[in-house]
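The values are calculated or read from the model by the stated rules, or taken from the named source; none is laboratory data. Just so it is clear, the structure is predicted and the values come from calculations on it, not from any experiment. Neighbour counts are summed over all protein chains in view; Cβ atoms, including those assigned to glycine, are modelled from backbone coordinates with ideal geometry. The area values use the complete protein model at the heavy-atom level, side chains included, leaving out ligands, DNA and RNA. Shrake-Rupley method; radii C 1.70, N 1.55, O 1.52, S 1.80 Å.
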Amino acid sequence: DQLRSLSGRLAFKMISSATQRTEALGLALARIYLEHQGVFGNQIVVPLDAHLDLYRSRRRQADELGEEVNLKRTDLALFDLDASRRTVTCRLVEVKCFQQVGEIGAYSALKQRIAEQITASESTLRAHFDPQLHPIDRPDRAMKSRELAMLLTFYLERAERYGIVDPEVAGEARYFLNTLEDGYTLRFTRSGLIFDLAKPGAEYADTENGIEYHRIGLNLIEELIEA
């Protein structure tokens with residue numbers, strides 16, 4: 001149910017390989033955790049794994065220009081729309097789920113992998129949708145703005161069907177998306193959610209290189225599921 005509320009495609013991971021099942025478990029736990037934090041009431045959640053076309057077209061563009069590009073993906077993008085300031089804030093969230101994360105060295109290596117995935121996803125999304133990325137904007141900006149509006153409208157309507165998003169927030173978001181071609185500013189924040197099934201409790205969030213890391217242990221996971 002948690003996966004289906006994000007994307008119907010994600011549920012198929014439950015009948016795939018062991019690695020895919022672990023990823024699906026992590027996403028389901030992230031869905032519960034983020035709902036407990038109250039973020040879905042005023043944000044639109046987009047599972048980036050369901051939109052590989054964004055990354056494939058980025059690869060084609062890089063190949064044509066002779067550039068190297070890292071196409072590792074982040075799990076979730078949460079979009080906060082501020083119509084009054086015409087600002088779109090994209091909160092990139094990478095999710096990891098492990099039987100045991102390990103000691104300090106392993107944890108540091110994990111955070112490095114998370115940073116690489118988030119950085120790559122931000123670069124890809126900026127290449128498509130950031131009007132201020134270059135001094136001279138891409139010539140198809142109107143089409144790209146329309147593409148972003150359609151993407152977010154799809155997930156906004158999904159959130160409304162599941163009763164997740166606040167109705168007042170949904171109304172403001174729909175107005176903003178209908179006028180997105182009039183211009184907007186794109187911003188990013190970064191977070192990592194690490195579910196460690198061998199660890200109790202939860203650590204205080206720590207920030208490293210602009211990424212806020214949350215490490216959640218087994219007993220808190222069980223409390224979230226029971227709630």
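If you go through region 1-41 and keep only what is in contact with a strand residue (DSSP E or B) (Cβ under 7 Å, 6 or more places away or on another chain) and at pLDDT 75 or above, you end up with THR22, LEU25, GLY26, LEU27, LEU29, ALA30, TYR33, VAL39.
Only one of the numbered conditions (1) within 30 Å of THR22 (Cβ to Cβ); (2) open to solvent by 20 Å² or more (accessible area, probe 1.4 Å) is violated by SER121, and that is (2). For LEU224, are the conditions met, namely being assigned to a helix (DSSP H, G or I), of a type outside the set (S, T, N, Q), touching a strand residue (DSSP E or B) at 6+ places or on another chain (Cβ under 9 Å) and surrounded by fewer than 18 Cβ atoms within 10 Å (Cβ to Cβ)? Criteria met by LEU224.
Residue under question is VAL165, and the condition is that it be under 23 Å from ARG31 (Cα atoms), assigned to a loop (DSSP other than H, G, I, E, B) and open to solvent by less than 30 Å² (accessible area, probe 1.4 Å); does it hold? So VAL165 fits the description; yes. Which residues, taken from region 191-206, are open to solvent by 30 Å² or more (accessible area, probe 1.4 Å), part of a strand (DSSP E or B) and closer than 18 Å to ARG113 by Cα? Once the filter is applied, which keeps residues that are open to solvent by 30 Å² or more (accessible area, probe 1.4 Å), part of a strand (DSSP E or B) and closer than 18 Å to ARG113 by Cα, region 191-206 yields only ASP206.
Would you confirm whether any residue within region 147-156 is under 19 Å from ALA28 (Cβ atoms) and modelled with pLDDT of 90 or more? Show your work before the answer.
The first filter runs over region 147-156 and keeps only residues under 19 Å from ALA28 (Cβ atoms), leaving 155.
Narrowing the set further to residues that are modelled with pLDDT of 90 or more leaves 155.
Yes; the residues of region 147-156 include at least one that is under 19 Å from ALA28 (Cβ atoms) and modelled with pLDDT of 90 or more.
Does region 172-190 hold any residues that are in contact with a helix residue (DSSP H, G or I) (Cβ under 8 Å, 6 or more places away or on another chain) and either assigned to a strand (DSSP E or B) or surrounded by 19 or more Cβ atoms within 10 Å (Cβ to Cβ) (or both), and which are they? Give the derivation first.
Taking region 172-190 as the starting set, the residues that turn out to be in contact with a helix residue (DSSP H, G or I) (Cβ under 8 Å, 6 or more places away or on another chain) are 173-174, 177-178, 180-181, 184, 186, 188, 190.
Hits for region 172-190 are ALA173, LEU177, LEU180, TYR184, LEU186, PHE188, ARG190.
All but one of (1) among the acidic types (Asp, Glu); (2) in contact with a strand residue (DSSP E or B) (Cβ under 6 Å, 6 or more places away or on another chain); (3) exposed (fewer than 12 other Cβ atoms within 10 Å of the Cβ) hold for ASP140; which doesn't? Condition not satisfied by ASP140: (2). Residue-level check: of (1) assigned to a helix (DSSP H, G or I); (2) open to solvent by 60 Å² or more (accessible area, probe 1.4 Å); (3) modelled with pLDDT of 95 or more; (4) not aromatic (Phe, Trp, Tyr), GLU160 misses just (3).
Table: residues versus (1) modelled with pLDDT of 95 or more; (2) within 24 Å of LEU25 (Cα to Cα).
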residue	(1), (2)
TYR55	no, yes
ASP63	no, no
THR89	yes, no
CYS97	no, yes
GLN117	no, yes
THR124	no, no
HIS128	no, no
HIS134	no, no
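Taken over region 83-110, the criterion of being surrounded by fewer than 19 Cβ atoms within 10 Å (Cβ to Cβ) and under 18 Å from the mean Cα position of the chain (by Cα) is satisfied by THR87, THR89.
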